[in-house]
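Accompanying notes for the structure given below.
The values are calculated or read from the model by the stated rules, or taken from the named source; none is laboratory data. Only a predicted model underlies this, so the values are computations on that prediction, with no experimental measurement involved. All Cβ positions, glycine included, derive from the backbone under ideal geometry; neighbour counts span all protein chains shown. The area values use the complete protein model at the heavy-atom level, side chains included, leaving out ligands, DNA and RNA. Shrake-Rupley method; radii C 1.70, N 1.55, O 1.52, S 1.80 Å.
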Amino acid sequence: KTEMRLVCYPKAFTAESYAIPQGTRMIGVRAFYGYGSLKEIHIPDSVVTIGNEAFIYCAYLTDLSIPESVTSIGKGAFDYCFDLTSLVIPGSVTAMGENHFTRCPETLTVTVDRDSCAHLHCRENGIRYTFPDANSWLFE
């Protein structure tokens, strides 16, 4: 069985929004590297793995919601996303690499499930986070 993998966002595309095709199982290493025009990326619930530095230097990406289907996020996936202010990482993610938020704005808030891998990652790295049922952000 062939696994659908997004290797690289098409360079000819100049849109501000992109929907990853349904059926894609993996977002490859540096798949969106340096695509500064993108403000929105829609990830389908078929994606299971997000590769290392998948969204690095997506400078204008403002918010991103990871679907429940994703179980692992590679290192540095969101580094240098200068405008990223909201990120949702579900409890289904059980493996996360290091250094996910280098040069992201201080206003970034990551929504995580309590006691999840993402919750522990944010808490250990001083990243502002909140829970889906919380009324305000937390910073421990």
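Observations, loosely collected:
- The charge dipole of the range 50-140, taken about its Cα centre with unit charges on the Cβ of Lys, Arg, Asp and Glu (plus for the first two, minus for the last two), comes to roughly 80 debye.
- Solvent exposure, largest accessible area first (probe 1.4 Å, DNA, RNA and ligands not counted), of Arg5, Arg123, Arg103, Arg128: Arg103, Arg5, Arg123, Arg128
- When the solvent-accessible area of the chain is split by element, carbon and sulfur atoms take up 50 percent of it, the probe being 1.4 Å.
- Taking 0.36 nm per residue of separation and subtracting the Cα-Cα distance, full extension of the segment from Cys8 to Ser65 would add 18.6 nm.
- Using a probe of 1.4 Å on the protein chains alone, the accessible area found for Met96 is around 40 Å².
- Solvent exposure of the chain amounts to 52 Å² per residue of accessible area, where only protein heavy atoms count and the probe is 1.4 Å.
- Ranking by accessible area, most exposed first, for Lys39, Lys75 with a 1.4 Å probe: Lys75, Lys39
- Cα shape, the range 17-66, gyration tensor, a/c 1.5 rule: oblate
- Estimated at the nearest 10 Å², the accessible area of Glu16 is 100 Å² with a 1.4 Å probe.
- Candidate residues His100, His42: accessible-area rank, largest first, probe 1.4 Å: His42, His100
- Working note: Karplus 6.51/-1.76/1.60 with θ = phi - 60° gives the range 13-23 the couplings 6, 10, 5, 8, 9, 9, 9, 5, x, 4, x Hz, where Gly and Pro are set to x.
- Counting only heavy atoms of the protein chains and using a 1.4 Å probe, Val88 has close to 50 Å² of accessible surface.
- The range 41-140: relative contact order as a whole-number percent, Cα under 8 Å and 6+ apart: 21 percent
- Projecting the Cα atoms of His119, Tyr129, Ala54 onto the charge dipole of the chain (Cβ charges, centred on the Cα centre) puts Ala54 farthest toward the positive pole.
- Stretching the chain fully between Ser37 and Glu98 yields a gain of 19.4 nm (0.36 nm per residue, less the alpha carbon separation).
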